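As C-alpha cells, the structure follows; a few thoughts come after it.
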Amino acid sequence: MLRRPLEFRVYLPPCYNEQPERTYPTLYLIHGQSYTDDQWERLGAGVITGELAGTGDLPPFLIVMPRDLVWTEPTQDRFGQAVSEVLLPWIEANYRTLPERQFRAIGGLSRGGAWALHIGMTHPELFGAIGLHSGFVFHSDAPDVRGWLEEIPPDQMPRFYMDVASNDRADIYNSAVWFENLLTTNNIPHEWHIFTGYHKEEYWQAHVEQYLRWYAQGWEEAP
C-alpha cells in the first residue's frame, strides 16, 4: 500500500498497565509537513494528557501519531488509506481501545489537518470528532467535500474543531475559511477560532491543552 513501512508512535496513559481490564478512547494526531511523528509529543500532547488525567480534568486515552513521509495529494499518497484500513484495525487488535466511533477522534496540524479531514470525511463511520489546527482542504478533496458532508446523516455528523492563526499562511487561512463557511452554510455545528499568532510550532503549542480538552469531550462517560 505504501512504498515504505508506516511508522507511528503510541502514547499510553499512566494507568494503562495498572488497570488491565480498562478500555480507552483513542485520539489520532497527525503532524505537519516537514515534521515527523514526534511533533505532537514534542509539543506536549502526551505530557499534558497525563497531567490532566492525573488531576481528573481529562479522562485517560491513547494517542496514536502516524508519520506521513510523502508530501503529495491523497490521489497520489495512500497514507490516509493506510491509517484507516491498516493502522486503526492494528491498534484496536493490539491495544485495549473502545471500538465505537464516539470514542475515536482524529486531528492534525497544517497538512496533518488536511489529512484528518480527508480520513474523517471518507470514513465518517470511524471517527466522532475531527480537528484542523491551521489545517486546510487538499486541492484534490475540494470538489468532493460538499458531497461528503451531504452524505453523512445528521445524527452521524462528526464534531468539528477548526482554528487558524491570525497571521497564518494566506493559502491555508483562505482554505480554512472556505471550509468553515461551508459548514456554516450547511448549518453543521462546529467550533471555530482565529487566535493571535503565526504558522509556527509556538502557536500550536500554546493551544495544545485546548485542543486535547475539546477532543475528550464526552469521553468522561467511557465505560
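The values are calculated or read from the model by the stated rules, or taken from the named source; none is laboratory data. What you are looking at is a predicted structure, and each value in this text was computed from that prediction instead of being measured. Positions of Cβ are generated from backbone atoms using ideal geometry, with glycine treated the same way; all protein chains shown enter the neighbour counts. SASA here: full protein model, heavy atoms, side chains in, ligands and nucleic acids out. Shrake-Rupley method; radii C 1.70, N 1.55, O 1.52, S 1.80 Å.
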Where in the range 64-163 are the helices (runs of 4 or more DSSP H), entirely inside, with at least 2 residues that are surrounded by fewer than 18 Cβ atoms within 10 Å (Cβ to Cβ)?
88-94, 142-151
Do we find that Trp148 is over 26 Å from Ala45 (Cβ atoms) and touching a residue at least 40 places away in the same chain (Cβ under 8 Å) in this structure?
no
Selection within the range 164-199 - surrounded by 13 or more Cβ atoms within 10 Å (Cβ to Cβ), charged (D, E, K, R) and more than 18 Å from the chain's Cα centre (by Cα)
Asp168, Arg169
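Here's a check for you: in the range 74-122, which residue that is basic (Lys, Arg) and farther than 20 Å from Tyr16 by Cβ is nearest to the chain's Cα centre (by Cα)?
Among them, the one singled out is Arg111.
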May I ask you to verify whether Gln217 is closer than 23 Å to Ile48 by Cβ, in contact (Cβ under 8 Å) with a residue 12 or more places away in the chain, open to solvent by 20 Å² or more (accessible area, probe 1.4 Å) and out of contact with any strand residue (DSSP E or B) (no Cβ under 9 Å at 6 or more places or on another chain)?
no
Subset of the range 22-63 [open to solvent by 30 Å² or more (accessible area, probe 1.4 Å), within 24 Å of Asp141 (Cβ to Cβ) and out of contact with any Lys or Arg (no Cβ under 7 Å at 6 or more places or on another chain)]
Ser34, Tyr35
Output yes when any residue across the range 201-220 is in a strand (DSSP E or B) and of a type outside the set (Lys, Arg), and no when none is.
no
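Specify the residue that is most open to solvent (accessible area, probe 1.4 Å); the eligible residues are those in the range 4-19 that are in contact (Cβ under 8 Å) with a residue 24 or more places away in the chain and in a loop (DSSP other than H, G, I, E, B).
The selected residue is Arg4.
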